[in-house]
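Q: Sharing a structure below in structure tokens format, with a few things to ask.
Derivation of every value follows stated rules applied to the coordinates shown; laboratory data play no part. Being a predicted model, the structure only gives us computed values, none of them experimental. Glycine also receives a Cβ, built like all others from the backbone with ideal geometry; neighbour counts cover every protein chain displayed.
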Amino acid sequence: MTFENAVKKIREKFAEADASKLADMAVQVTLTDEDCGGTLYFKAENGAVDVQGYDYRDNDAVIDIERKALMDILAGKIDLDKAVEKGQATAKGNFEKLDTLKAAIKKHVPAPKKAVAKKPAAKKAEAKPVAKKAEAKAAVKAEAKPVAKKATAKKTEAKAAAKKPAAKKA
């Protein structure tokens, strides 16, 4: 994505924001991505937001951020604090004014998932006989194991007897 396209998308996102809750402020934002890096600013004043794709020195705060992280913030998926914690952004300046962004950005609400229809009870009934068969197989195996142990024990005794030296003749 080019820097110009990124500025256009950011401008659209700020158009969705409730600017009436924003404090009057100017924030310089530097996008740190290699493919669309650049500096822009947004200025909130009298309930309106102006986004321009150039450097703005008379600002209240400066944010260096990855484009995706900024778009996630503007979509309400994360906030600036989380982006800073993840190492996706750095911020300096008047944080009291930046905090008003949280109230202005619409929170991301995922689309509700469709309810999954419950499976008929008949399938549950089919599962019970399978469980009974498994229990029966386990019981047969349990009975077979002691028999196998007895046979193994007899073989061990026979091997031990074969290893014993014959009694010495005097």
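Q: Ranking Thr30, Thr90 by Cβ neighbours within 10 Å, fewest first, what do you get?
A: Working: Thr30 16, Thr90 13.
With the fewest neighbours first, Thr30, Thr90 line up as Thr90, Thr30.
Q: From the Cα gyration tensor of the stretch 3-104, with a ≥ b ≥ c the square roots of its eigenvalues, which class applies: rounded if a/c is under 1.5, or else prolate if a/b is larger than b/c, or else oblate?
A: Values: a/c = 1.32, a/b = 1.18, b/c = 1.12.
Because its axes are fairly even, with a/c under 1.5, the stretch 3-104 counts as rounded.
Q: Out of the stretch 1-64, which chymotrypsin sites (Phe, Trp or Tyr not before Pro) are coil in DSSP terms and have no more than 10 other C-beta atoms within 10 Å? Each step should come with its number before you reach the end.
A: On the way: sites: Phe3, Phe14, Tyr41, Phe42, Tyr54, Tyr56; in loops: Tyr54, Tyr56.
Passing sites in the stretch 1-64 are Tyr54.
Q: Taking amide H positions as placed in the peptide plane 1.01 Å from N, state which residues far from Lys77 in sequence (5 or more) or on other chains have amide H under 5 Å from it.
A: His108
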